């Protein structure tokens, strides 16, 4: 499979090959076990609406591939011979996740099939950009592979910037990257399948698959830069140029602002990214009234973010805005300001048309989201 989670593939029934139907049924077995846990072949047959003979054949195929294992007899007190329980090979398969979007650090982890982190490591980076960062990413991937304790399904990467479907980072101004073939270079370096996604897209997958994300939501990822991932009707939105959700370099307001890394003035990132918020916090702390200055800083940052989000939320009729980033910066005045400003700019309804909250697992949300990419690509599970 080469599609990402939430991307529909066009095609008619008349063009479907028998092998496509089998691949779909194999994915259904894996998806059912992933979401429901251990089941017998009979339970799988009932859940999927397939004959027991068909399910037994599919399970045998998946066991041969190492994707499914037998756990032993069910303890349920049913008449007759006890059923044998099947499950995904949760202990025998692992995934490498990489988060390249945090401020000043590159992060990697070994994850299990449920998105739980088994082991982790990170590498600090300074002001270096371009090829120097690529070299560090390659070394970090090698180090992460060494930490794995089971067969690896692949590597998922969340990076800032615009990422094409074939894993090319078209542009990531904060890293000094332009047309970096990151997927190909990591695959060649590690020998493993690699999926590369924008970090906010990875984050929204984590919130949707492992968290409480809704079918119509936008997740704003605030780190070294600012980006967002969109789920509409339960499907991730990619966009015509793979840039859906790239709000960091949208100019918010006509009253000037700071110069951005991209060369423009007043981009959203200059107001809301972690480095800029921390810099302005330090300035506020040195002012005669530090508490009032900090309050004003977060209120304005929230207002600017809401100004960028309101047209998107209104046009797509989204039900939820989720902010992901350092809680000490986002929770409190900034979050309140986003909600108040957003609601003031949308059509008034009762109850409120959209909710605003923090992400469930912000520190590891990108790492967990990259595992969803690999699960989908390798097992058809999302």
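Bear in mind these aren't lab numbers, they're just calculated from the coordinates by the rules spelled out. From a predicted model like this one, the values you see are computed outputs, not experimental measurements. No Cβ is skipped: glycine too gets one built from the backbone with ideal geometry, and neighbour counts run over all protein chains shown.
Things to note:
- Burial order of peptide ranges 133-141, 215-223 (average beta-carbon count within 10 Å, highest first): 215-223, 133-141
- Length gained when the stretch residue 264-residue 42 is fully extended (0.36 nm per residue, less Cα-Cα span): 73.8 nm
- q = 0.13 Å⁻¹, the chain: log10 I(q)/I(0) [Debye, one scatterer per Cα]: -1.06
- Rounded tilt (10° steps) of 365-379 against the dominant C-alpha axis of the chain: 30 degrees
- Over the C-alpha atoms of the range 91-246, the Rg to Rh ratio, Rh being the Kirkwood estimate, stands at 0.95.
- Against the chain, whose longest principal axis comes from its Cα atoms, helix 52-65 is set at around 60 degrees.
- Under Stokes-Einstein, with the Kirkwood radius over Cα pairs as Rh, the value for the range 19-88 at 10 °C and 1.306 mPa s is 131 µm²/s.
- When peptides 176-187, 262-273 are ranked by their average number of other Cβ atoms within 10 Å per residue, the highest-first order is 262-273, 176-187.
- All distinct Cα pairs of the range 212-359 go into the 1/r average, and the inverse of that average, the Kirkwood radius, is 15.7 Å.
- 0 to 90° range, to nearest 10: angle between helix 333-344 axis and the chain longest Cα axis: 90 degrees
- FRET efficiency, residue 293 to residue 355 (Cβ-Cβ, R0 22 Å, nearest 0.05): 0.15
- The length gained on full extension between residue 212 and residue 315, counted as 0.36 nm times the residue separation minus their Cα-Cα distance, comes to 34.8 nm.
- Cβ-derived FRET efficiency at R0 35 Å, residue 336 paired with residue 181, nearest 0.05: 0.25
- Here the simple spin-label model places points 7 Å from the Cα toward Cβ, and for residue 64 and residue 122 these points are separated by 4.5 nm.
- When the Gaussian network model of the chain links Cα atoms closer than 10 Å, the mean-square fluctuations of 189, 34, 67 top out at 189.
- Approximate spin-label separation residue 278-residue 24, in nm, with each point projected 7 Å along Cα-to-Cβ: 4.9 nm
- Extension reserve of the residue 35-residue 189 stretch, reckoned as 0.36 nm per residue once the Cα distance is removed: 52.2 nm
- Sorted peptide list for 159-165, 334-340, criterion being average Cβ within 10 angstrom, highest first: 159-165, 334-340
- Considering only the chain, percent of DSSP beta bridges that pair antiparallel, nearest 5: 65 percent
- Sequence-separation-based contact order of the chain, relative, with Cα cut under 8 Å and 6+ spacing, percent: 17 percent
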